[in-house]
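Here, each number is a calculation from the coordinates, and none is a lab measurement. Quick caveat, the model's predicted, so the values are computed rather than measured. Note that each Cβ is placed from the backbone with ideal geometry, even for glycine, and that neighbours are counted across all protein chains shown.
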Amino acid sequence: MSLFTVQRVEQLTDAQIDAFVALFVLNMKDDPSALSLSGGDPELIDPMVRAMVQAGRIAGEYYTATDVSGELLGYALWMPPGQQMFSTSEQREAGLNDFMGRISQKGRDYFHNEYLVIFREFAAKCLGSTKIIDTWYLHILMVRADKRKQGIARALVNLVVKQATQNGEVLALTATKADNVPVYKALGFELKGERIMPSPWQEYPVYIFHMDTRPGTSS
């Protein structure tokens with residue numbers, strides 16, 4: 001088992017942003033959800049996730065796992081309670097507007113008129129009275145393929161679980177791969193719902209998970 005260090009990144013560098021985007025693209029280049037949200041164009045997965053990473057730089061929290069030489073093994077992007085991805089003009093101007101200007105009209109229509117509408121309704125049904133903005137929401141969790149099953153994902157998640165537990169807060173996330181369902185269950189999350197998301201390119205599953213650390217509740 002390799003040794004690694006997990007820590008929060010207070011000041012994100014441009015080099016780290018590039019590394020985060022590259023790891024996401026490497027892991028998700030053939031994923032139907034990433035392709036669909038990029039308008040069916042694999043070349044646009046990079047600017048799509050770059051928009052997310054840049055928005056997270058403004059309003060989110062980043063945690064990295066690195067080896068003894070400082071090489072990136074994995075990372076997590078969380079939006080803390082009170083923050084929501086792309087909810088402000090500053091976040092959107094950091095990359096989303098550029099991405100939307102490059103995606104096809106078909107891709108824009110899918111994102112705004114189909115994906116967002118269905119996802120918001122589904123999330124509300126799964127989370128009930130808890131709104132996404134009130135949770136620690138895990139937007140991205142990436143681990144290098146050759147470093148999986150070594151405790152890196154657990155370490156990246158547990159730092160925020162510990163913080164949320166101290167404050168009696170709720171955590172939530174979305175997954176789009178069936179293989180990740182047992183992973184998140186093993187990390188203590190409860191699967192609250194699953195459905196197939198339609199797409200003009202290729203349908204894909206969506207799973208919503210929840211962990212409630214408030215006293216007197218259980219996930």
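Among the listed pairs Lys29/Lys177; Lys125/Lys192; Lys162/Lys185; Lys149/Lys192; Lys149/Lys177; Lys131/Lys192, those with a Cα-Cα distance over 19 Å are Lys149/Lys192. In a GNM of the chain with a 10 Å cut-off on Cα contacts, which of Ser69, Ser87, Ser36 has the highest mean-square fluctuation? Among Ser69, Ser87, Ser36, the largest GNM mean-square fluctuation belongs to Ser69.
Of the residues Ser33, Ser129, the one with the fewest other Cβ atoms within 10 Å heads the list, and the complete ranking is Ser129, Ser33. Between Leu191 and Asp134, the contour length at 0.36 nm per residue exceeds the alpha carbon distance by 18.7 nm.
Measuring between their Cα centroids, segment 137-194 and segment 85-103 lie 26 Å from each other.
Of the GluC sites (Glu not before Pro) found in segment 158-219, those that fall in a DSSP loop while having at most 15 other beta-carbon atoms within 10 Å are Glu203. Within the chain, antiparallel bridges make up roughly 90 percent of the DSSP beta bridges whose residues both belong there. Classification of the chain by its C-alpha gyration tensor yields a rounded form. The axis ratio a/c (a ≥ b ≥ c) stays under 1.5.
Shown is the FRET efficiency for Glu10 and Ser87, computed with R0 = 22 Å from the Cβ-Cβ distance and rounded to the nearest 0.05: 0.50. A Gaussian network model of the chain, with springs between Cα atoms under 10 Å, assigns the largest mean-square fluctuation among Asp67, Asp134, Asp179 to Asp179. Computed extension gain for Gln202 through Asn180, at 0.36 nm per residue and net of the alpha carbon distance, reaches 6.0 nm. Note on Lys125 and Arg148: the model spin-label points, each 7 Å out from Cα along the C-beta direction, lie 2.8 nm apart. Taking 0.36 nm per residue of separation and subtracting the current Cα-Cα distance, fully stretching the chain between Arg108 and Leu3 would add 33.5 nm.
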